[in-house]
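I have placed the structure first, in the form of structure tokens, so that the comments after it can refer back to it.
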Amino acid sequence: MPPLRIEPLSDRHDRTPFTSGVEPLDRYLKLQASQDVRRRVAACFVLVAGEDPALIGYYTLAASSIALVDLPEKLAKRLPRYPNVPATLMGRLAVAGRCRGRRLGELLLLDAFRRALESEIASYAFIVDAKDETAARFYGRYRFLPLVQGGRRLFLPMAEIANLFA
């Protein structure tokens, strides 16, 4: 297999055959991702093998925030009393069904962590929306925590992510 590479989504990438098995993630990539990139609503990064334009996986990143009251009290009391703290949102993460079991989701997640850490824009935490229990278990392996509000929105403080790369 040619070397794997993660790069920004562009017109050269063939999104049509991509199938992750999660219809909303597939539909987003095929119908909405390019518009979001053009409008600077989200950045989309894709995993490819060598020069093959077929996508193996993708994720999106966008600026976001977390309400201070949604953070666990132990963490919130250490922060300034702003109503919100800045965060980086990974809105979507998907791997082609044909490539499951190769830890490519982990590769994409770690690349997203690296990009968030290298950004010159302040971000207190990295947040994700786990689409289902399988996704929640995946993120749980990386020590993501639930926000106080409940649901499947999870976060990991950037300080913990920085320790992964130390």
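The values are calculated or read from the model by the stated rules, or taken from the named source; none is laboratory data. No experiment lies behind these values; they were computed from the predicted model shown. Please note: Cβ atoms are built from the backbone with ideal geometry, for glycine as well, and neighbour counts cover all protein chains shown.
In summary, residue 166 fulfils each of the numbered conditions (1) surrounded by fewer than 12 Cβ atoms within 10 Å (Cβ to Cβ); (2) within 27 Å of residue 37 (Cβ to Cβ); (3) among the hydrophobic types (A, V, I, L, M, F, W, C) with the single exception of condition (2). In the set 27, 38, which member is at pLDDT 95 or above, under 16 Å from residue 95 (Cα atoms) and surrounded by fewer than 16 Cβ atoms within 10 Å (Cβ to Cβ)? Within the list 27, 38, the selection yields 27. Per the listing 101, 91, 140, 105, the residue uniquely free of Cβ contacts under 8 Å to residues at least 60 places away in the same chain and in contact with an Asp or Glu (Cβ under 8 Å, 6 or more places away or on another chain) is 91. Scanning the range 144-160 for residues that are closer than 28 Å to residue 26 by Cβ and either among the β-branched types (Val, Ile, Thr) or modelled with pLDDT of 95 or more (or both) yields 144, 154, 155, 156. Considering 37, 85, the condition of being closer than 23 Å to residue 150 by Cα and among the aliphatic types (A, V, I, L, M) is satisfied by 85 alone. Taking the range 22-46 as the range and being under 21 Å from residue 130 (Cβ atoms), without any contact (Cβ under 8 Å) to a residue 12 or more places away in the chain and charged (D, E, K, R) as the test, the residues that pass are 23, 27.
Look through the range 1-24, keep the residues that are among the small types (Gly, Ala, Ser) and within 17 Å of residue 103 (Cα to Cα), and return whichever of them is surrounded by the most Cβ atoms within 10 Å (Cβ to Cβ).
20
The condition (being of a type outside the set (Lys, Arg), within 13 Å of residue 161 (Cα to Cα) and over 13 Å from the mean Cα position of the chain (by Cα)) is satisfied by just one residue among 124, 142: 124. The residues in the range 86-124 that are farther than 22 Å from residue 57 by Cα and surrounded by 20 or more Cβ atoms within 10 Å (Cβ to Cβ) can be counted, and the count is 3. Could you list, in sequence order, all residues of the range 47-98 that are of a type in the set (Ser, Thr, Tyr), more than 24 Å from residue 134 (Cβ to Cβ) and touching a helix residue (DSSP H, G or I) at 6+ places or on another chain (Cβ under 7 Å)? Within the range 47-98, just 82 meets the criteria.
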